[in-house]
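Participant: Here it is: the structure, laid out below.
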Amino acid sequence: MSDSYAEIKQAALNVLLHNGQGDHAGLPRVAGWGYPEPYTRDLMIASLGMLVSGNSVLIDSLRRVLATLATNQTPLGLMPGLAHDPRDLGSSDTTPLFLIGLALYREFTGEADFLTEAAVKALIWLQYQSPDGSGLIAQQPTSDWRDEQWVLGYGLFVNTLTYTALRLWQRDAEADRLRDLINQPIVRAGWKDAHVHEGLAIPDKPYYALWAYKVHSSERFDLIGNCWAILSGVATKEKANAIINWVEAECAAMRGRGELVVDLPPCLFPYIQPTDPDWHPRYAQFNLPGEYHNGGLWPFGIGLYIAALVAAGRVELARAKLVALIELLRPAQDPHLAFGFNEWLRAQDGAVRGQDWQTWSAALLLYAVAAVETGATPGFDRLRGW
């Protein structure tokens, strides 16, 4: 370990090893004490950090999760939201995340034939999620990682995941088509050209829309979806840098207005306000402005942002953001913890609001450190073609 990051890397490794065995089929838990379940999306995203850690215990635990998912895959290829429970269905992101986690596991370990049949079924399932056969994947509200936020139709996050999966599994023609569609502009007017398919690019803004479907869309900024677009190469290097410049400028303005306390981006902004048309009554309980999916500070998403900075060649900025992320990981619900690795924090004051020792918070810290230390983004570099 380098002297600069040795303490935080060891702390993150301790979290992951502590969480390595939960209460369900001996599979990892996704938080130290709050979530004993093996949530598929959490663990597949966390696979990035598990693999770069090089820790054999963590890599073996990832193998068990992948094998369990294959056992519980539906006949049509869908992966459950809980790795051990074949009845926990309806997630839009678990299947492309499985494909990503499996491809990276095979690449890192050299186990080239592991779970090929499950991968083939998952790829077929994805094809049937495009309602018009174009290749863009559609989803139901609250079916991706944002289980308390409405994302309708063609969501950016799920489509960038699907693009990544297609690239990793050498489905290049399908990937090229999907990338081209994502980079088509959204449709703002009440009239749509029948010969032009809507996409997720916003004509007068540098970043991608949160979601779009026909003449409807959301132009709020989705940090994680846009980071995945950069890492995977959906965005060009020029667009990636334009997105980053916009994020930095907008976050500075938010800090000036008292909407953001740290020099790190929230998961969504501008925040959805009770007077906005996309506000839902349930948000008053779960998604107040600057909280949870409505602009909370999610360390795993910030880890992806740091990796995206490295991908775009902004290593010095990434290093500065990593210092800020390490400080964000200190606060905890339990005051006896040196590092909380909390699930999420409120944007306006940095107060911890989620569960301590969250698996993906620790894992994406390890991935962000690896990116900054090496100037590379393991598993993604070859996808971008920059």
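The values are calculated or read from the model by the stated rules, or taken from the named source; none is laboratory data. On a predicted model such as this, the values are computed, not experimentally measured, just so you know. Reconstructed Cβ throughout: ideal geometry from the backbone, glycine too, with neighbour counts over all protein chains shown.
Participant: Determine which single condition Arg167 fails, assuming it passes every other condition in (1) surrounded by fewer than 24 Cβ atoms within 10 Å (Cβ to Cβ); (2) at pLDDT 95 or above; (3) basic (Lys, Arg).
Facilitator: (1)
Participant: Please go through segment 99-140 and give me each residue that is part of a helix (DSSP H, G or I) and out of contact with any Gly (no Cβ under 9 Å at 6 or more places or on another chain), ordered by number.
Facilitator: Leu99, Gly101, Leu102, Tyr105, Arg106, Thr109, Thr116, Glu117, Ala119
Participant: Sticking with this structure for a sec: Identify, from the list Arg177, Arg188, the residue that is surrounded by fewer than 19 Cβ atoms within 10 Å (Cβ to Cβ), over 22 Å from Trp298 (Cα atoms), modelled with pLDDT of 95 or more and not polar (S, T, N, Q).
Facilitator: Arg177
Participant: Of all residues in segment 345-360, which are touching an Asp or Glu at 6+ places or on another chain (Cβ under 8 Å), outside any helix (DSSP H, G or I) and either buried (at least 22 other Cβ atoms within 10 Å of the Cβ) or of a type in the set (Gly, Ala, Ser) (or both)?
Facilitator: Matches in segment 345-360: Ala347, Gly354, Gln358.
Participant: Step by step: first the residues of segment 305-340, then only those that are of a type in the set (D, E, K, R) and over 22 Å from the mean Cα position of the chain (by Cα), then the one that is surrounded by the fewest Cβ atoms within 10 Å (Cβ to Cβ). Which residue is that?
Facilitator: Looking at residues that are of a type in the set (D, E, K, R) and over 22 Å from the mean Cα position of the chain (by Cα), I get Glu316.
Per-residue answers, yes or no, for (1) surrounded by fewer than 22 Cβ atoms within 10 Å (Cβ to Cβ); (2) within 30 Å of Tyr128 (Cα to Cα); (3) modelled with pLDDT under 95; (4) not hydrophobic (A, V, I, L, M, F, W, C):
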{"site": "Met1", "(1), (2), (3), (4)": "yes, no, yes, no"}
{"site": "Ala6", "(1), (2), (3), (4)": "yes, no, no, no"}
{"site": "Gly22", "(1), (2), (3), (4)": "yes, no, yes, yes"}
{"site": "Pro38", "(1), (2), (3), (4)": "no, yes, no, yes"}
{"site": "Gly54", "(1), (2), (3), (4)": "yes, no, no, yes"}
{"site": "Ile59", "(1), (2), (3), (4)": "yes, no, no, no"}
{"site": "Pro86", "(1), (2), (3), (4)": "yes, yes, no, yes"}
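Participant: Also, I was wondering about something else. So, in segment 20-50, exactly how many residues are within 16 Å of the chain's Cα centre (by Cα) and not acidic (Asp, Glu)?
Facilitator: 12
Participant: Do you know which residues across segment 62-73 are among the hydroxyl-bearing types (Ser, Thr, Tyr) and either in contact with a Ser or Thr (Cβ under 9 Å, 6 or more places away or on another chain) or free of Cβ contacts under 8 Å to residues at least 40 places away in the same chain (or both)?
Facilitator: Within segment 62-73, Thr71 is the sole residue that qualifies.
Participant: Continuing with the same structure: Answer yes or no as to whether Gly225 is surrounded by 24 or more Cβ atoms within 10 Å (Cβ to Cβ) and either assigned to a helix (DSSP H, G or I) or in contact (Cβ under 8 Å) with a residue 12 or more places away in the chain (or both).
Facilitator: yes
Participant: Can you find a residue in segment 145-155 that is closer than 17 Å to Trp228 by Cα and either surrounded by fewer than 18 Cβ atoms within 10 Å (Cβ to Cβ) or among the hydrophobic types (A, V, I, L, M, F, W, C) (or both)?
Facilitator: yes
Participant: Inside segment 294-304, can you point out the residues that are in contact with a Lys or Arg (Cβ under 8 Å, 6 or more places away or on another chain) and surrounded by 24 or more Cβ atoms within 10 Å (Cβ to Cβ)?
Facilitator: Selection gives Leu297, Ile302.
Participant: If I filter segment 373-385 for residues that are at pLDDT below 95 and among the small types (Gly, Ala, Ser), do I get at least one hit?
Facilitator: Yes, the conditions are met somewhere in segment 373-385.
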